[in-house]
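The values are calculated or read from the model by the stated rules, or taken from the named source; none is laboratory data. None of these values were measured; they are calculated from a predicted model. Cβ coordinates were reconstructed from backbone atoms using ideal geometry, including for glycine residues, and neighbour counts include every protein chain displayed. For accessibility, only protein heavy atoms count, side chains too; no ligands or nucleic acids. Shrake-Rupley method; radii C 1.70, N 1.55, O 1.52, S 1.80 Å.
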Amino acid sequence: SELDPAKLASVRRSLEVSHEDPIVGSSVEMSNEELKIRALSNFASQQRAVTDKDYESAIYSMPSKFGSINRCNIVLDSNSFKRNLNAYVLAADENSNLVVASNTLKENLKIWISNYKMINDTIDILDGKIINIGIEFDVIADKDYNRSDIYRECIETLSERFKKSLQMGEPFYVTDVYYELNRISGVIDTNNVKIVNKSGTQYSQIQLDLNDLMSADGRYLSCPFNVCYEIKFPSIDIKGAVR
C-alpha cells in the first residue's frame, strides 16, 4: 500500500514472459461443419455423460483456460471386462495444425471429465494419431483458357476445401477432389487424383502405404478410429498438372 501506484503499473506493463515449449491446446476458429458436429453432440447431453456423444460434448466444452481439445473420438475398449472407454484426443498448435496433446492438457481433461462421467465408467485418455497427406491431380483444360490460371485456381480451390483437418475416424473421399476440380471453369475433365502420404521433419512420423486403406472402388480412404487425416501445408502438399 505504500508503493507508488504509477510505478507499480509501469513495472507490470514492462513484464514479458518467454516459454520454450510451443503452445498446445490453443483455441482455434471452428468451421461451420465442425460447429454443426459439436452442436449435435451437445444437444441431448443434459450435462452428464452417458453415451459416446455425451463424452465428446463434455470434452469439447472444457473451458479454454484449461486448454482446448481439437479432435476426439470415444471408443469402447473391446479388451476390457468393465465399462471402460478410450478417449483418443488431439490438440492444435498456434497455426491450427494438429498436434499430440501435452500431458498437462490431458491431466486437465481427466479432471474435467470426472465431473460428467457415470460412476461406473472408467475412461482412459490416449493420444490420437495424425496422418499427413497430399493431393496430386491431373486435369484436362479447355484450349481457350490459360493453363497457368487454371492451375492456380485448382490449387486455391482444393486448399480452401481441405484447409481444415477431418474429424477423427472420418474417411477421406477422393471423389470430393474430383468434384471440386471438375467445377472449375476451364477444366474439361479430371484424369487422375492420387493421395500420397507426407512424412518427415515437419510432418507426422507415420509412414504407410495408403493403398492399403483405399476402398476397392478407389472412392475413399478408410480411416482408423484413432486417426485424423490432415493436409498440413496446402500450398505445397497440393500439386498437379494441367494438360
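Considering the stretch 81-134 alone, what residues qualify as being open to solvent by 40 Å² or more (accessible area, probe 1.4 Å), more than 15 Å from the chain's Cα centre (by Cα) and of a type in the set (D, E, K, R)? Listed by number, the residues that qualify are LYS82, ARG83, GLU107, LYS110, LYS117, ASP124. Scanning the stretch 59-80 for residues that are over 17 Å from VAL99 (Cβ atoms) and surrounded by 21 or more Cβ atoms within 10 Å (Cβ to Cβ) yields a single hit, ILE74.
Quick one: in the stretch 52-104, which of the residues that are among the acidic types (Asp, Glu) and at pLDDT below 85 is farthest from CYS223 (Cα to Cα)? Checking each candidate, the answer is GLU94.
Conditions (1) assigned to a strand (DSSP E or B); (2) over 20 Å from the mean Cα position of the chain (by Cα), marked per residue:
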| site | (1), (2) |
| --- | --- |
| LYS163 | no, no |
| TYR178 | no, yes |
| THR190 | yes, yes |
| THR201 | no, no |
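Return yes or no: is TYR229 touching a residue at least 40 places away in the same chain (Cβ under 8 Å) and open to solvent by 80 Å² or more (accessible area, probe 1.4 Å)? No: the conditions fail for TYR229. Against the condition surrounded by 13 or more Cβ atoms within 10 Å (Cβ to Cβ) and either on the phi > 0 side of the Ramachandran plot or at pLDDT below 90 (or both), how does ILE206 come out, does it pass? For ILE206, the condition - surrounded by 13 or more Cβ atoms within 10 Å (Cβ to Cβ) and either on the phi > 0 side of the Ramachandran plot or at pLDDT below 90 (or both) - is met. Taking the listed residues VAL177, VAL139, VAL187, the one that is open to solvent by less than 50 Å² (accessible area, probe 1.4 Å), of a type in the set (A, V, I, L, M) and in contact with a Gly (Cβ under 9 Å, 6 or more places away or on another chain) is VAL139, with no other qualifying.
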